[in-house]
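The values are calculated or read from the model by the stated rules, or taken from the named source; none is laboratory data. The model shown is predicted, which means the values in this text are computed figures rather than measured ones. Methodologically, a virtual Cβ is constructed for each residue, glycine included, from the backbone with ideal geometry; neighbour enumeration extends over all protein chains shown.
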Amino acid sequence: MEYPKAKKKKKAVSDSRLGTLWRQAAKAYWPRNSEYFNIYLQFVKAGAPEGGDIECHHIIKRRYFPTRWDYRNGFPIPHDMHMWIEAHPMVVSAIFANRHPFYDYLCERQGQLKPDFLRGLGLSENEYRISIKKELTDIVKSCSM
């Protein structure tokens, strides 16, 4: 006897779409923040190269659901610098800890488990995805004006 396959729930907003919006929001937000250039210069002083296209670095690794699509957790940098940052995590952590205005906030959220995080917001995962899509879209629109 063959059992019917369980249907997977469709995500309200895909990971890919949220990732694209996250990059756009981080790129739109950070250059307007006064600490951006101070942090960037600290990386250059520490030996990071500056070449390549602009990418976004997750300050707190993206495996942590509560910070994955938080635009404050993205830092726009050139590709070569991104590769250097990935290879020097201790130097990078020290720079962000001293200069990043949201570093403590992001570290606190990193420790939250996904179910606890969603329960604390009073949202299902799909509701959260819809709300974060709106937040990221609003950031991109407001910074491009």
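What to note about this one:
- The set of residues from the range 92-124 being surrounded by 15 or more Cβ atoms within 10 Å (Cβ to Cβ) and touching a residue at least 60 places away in the same chain (Cβ under 8 Å) comprises 99, 100.
- Residue in the range 72-81 that is farthest from residue 47 (Cα to Cα), counting only those that are in a helix (DSSP H, G or I) and of a type outside the set (Lys, Arg): 73
- Test: residue in the range 45-67 that is modelled with pLDDT under 95, crowded, with 18+ Cβ neighbours inside 10 Å and assigned to a helix (DSSP H, G or I): no
- For the range 135-145, a residue qualifies if it is in a helix (DSSP H, G or I), over 15 Å from the mean Cα position of the chain (by Cα) and loosely packed, with under 15 Cβ neighbours inside 10 Å, and the qualifying residues are 138, 141, 142.
- Annotation note: Cβ proximity below 8 Å between a residue of the range 1-27 that is within 18 Å of residue 66 (Cβ to Cβ) and a residue that is surrounded by 10 or more Cβ atoms within 10 Å (Cβ to Cβ) and modelled with pLDDT under 90 (sequence gap 6+ or interchain) occurs for 25/143.
- All conditions but one from (1) among the β-branched types (Val, Ile, Thr); (2) within 23 Å of residue 110 (Cβ to Cβ); (3) touching a strand residue (DSSP E or B) at 6+ places or on another chain (Cβ under 7 Å) apply to residue 54; the one that does not is (2).
- When residue 89 is tested against (1) under 22 Å from residue 17 (Cα atoms); (2) without any contact (Cβ under 8 Å) to a residue 40 or more places away in the chain, only condition (1) is not met.
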